[in-house]
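Input: a single structure, listed below in structure tokens.
None of the figures in this text is laboratory data; all of them are computed from the coordinates on show. Bear in mind the structure is a predicted one, so any value in this text is a computation, not a measurement. Cβ atoms come from the backbone with ideal geometry, glycine included; neighbour counts cover every protein chain shown.
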Amino acid sequence: MVDPSHVEIPFVSTWKEGMNLCKGLTFANKIEVQRVLIICALNENKHFMISRSTTKKLYAKCVDESCKWYVCAVIKPNLHGLWMVTVYVGPYTCIPIGVRNDGRMMTCNFIASDILKKLCEDHTTPIKHLRSMIESKYQSHKSSYYKVCDAKQKTIRKMFGN
Ligand SMILES: [Zn+2]
């Protein structure tokens, strides 16, 4: 077994599972902001895109041009480098997308953070099992075989430090 605390980022955010986005929420880093944007999009079965991403700012908007949903998060040097949501325009106003639970919003990094614990317990966990784990965690959203496979490889490389 590999201790996950060596791989995971040990900071906490003010956002908690089940919360909606709002102005003033803080996050340990930009990766965490992106992870939460994805979780919220999966909950609502919506697609967003990162319209701008720098080392200091992150802008996300809905893929639907007519939709009002918009988020801006910036780094706060006076808050120990935490990231904070400074603009939140929501909820999504677009019509529901036809395909439900296609899992398109899940990135490889996103999947990697979710399978880390399981892989630390057993790094031989099959892709099939990892996919069904993700599916039951995120409202039946299907993750692609390719992405999970990629995420598993990356996670294992990180765990064993090469
Ligand atoms: Zn929208």
Express the relative contact order of the chain as a whole percentage, based on alpha carbon pairs under 8 Å and six or more residues apart in sequence. 21
Take every Cα pair under 8 Å in segment 4-89 that's 6+ residues apart, average their separations, divide by the length, and report that relative contact order as a whole percent. 27
Just to be sure I understand the curve: with the Debye formula and one point per C-alpha of segment 40-80, what is log10 I(q)/I(0) at q = 0.27, 0.29 Å⁻¹? -0.92, -0.99
For 149-156, 33-40, 19-26, ranked highest to lowest by mean beta-carbon neighbours within 10 Å, the order is 33-40, 149-156, 19-26
Place a +1 charge on the Cβ of each Lys and Arg in segment 4-89 and a -1 charge on the Cβ of each Asp and Glu, then give the dipole magnitude about the Cα centre in debye, rounded to the nearest 20. 320
Can you pull out the GluC sites (Glu not before Pro) in segment 31-109 whose DSSP state is coil and whose Cβ has at most 10 other Cβ atoms within 10 Å? Glu65
Test of the criteria: in segment 64-145, which trypsin sites (Lys or Arg not before Pro) are in a DSSP loop and have at most 13 other Cβ atoms within 10 angstrom of their Cβ? Lys68, Arg100
Find out how many positive minus negative residues lie around Gly103, taking Lys and Arg as positive, Asp and Glu as negative, among other residues whose Cβ is under 11 Å from that of Gly103. +3
Restricting attention to the alpha-carbon atoms of segment 4-89, what are Rg (one decimal) and Dmax (integer), both in Å? 12.9, 43
Excluding Trp69 itself, what net charge comes from residues whose Cβ is under 12 Å from its Cβ, given Lys and Arg +1 and Asp and Glu -1? 0
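Would you compute, from DSSP H runs of 4+ residues alone, the mean residue ellipticity of the chain at 222 nm, taking -39500 (n - 2.57) per run and dividing by the full residue count, rounded to the nearest 500?
It lands at -11000 deg cm²/dmol.
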Degrees separating the helix 127-137 axis from the principal Cα axis of the chain, which is the longest one: 40
Using the alpha-carbon atoms, what tilt in degrees (0 to 90, nearest 10) does helix 108-121 show relative to the longest principal axis of the chain? 40
Sum up the charges of everything whose Cβ sits under 12 Å from the Cβ of Pro126, counting Lys and Arg as +1 and Asp and Glu as -1, but leave Pro126 out. +3
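Need one word for the chain: rounded, prolate or oblate. Basis is the Cα gyration tensor (sqrt eigenvalues a ≥ b ≥ c); a/c below 1.5 gives rounded, then a/b vs b/c decides.
Details: a/c = 2.24, a/b = 1.26, b/c = 1.77.
It comes out oblate by the Cα gyration axes.
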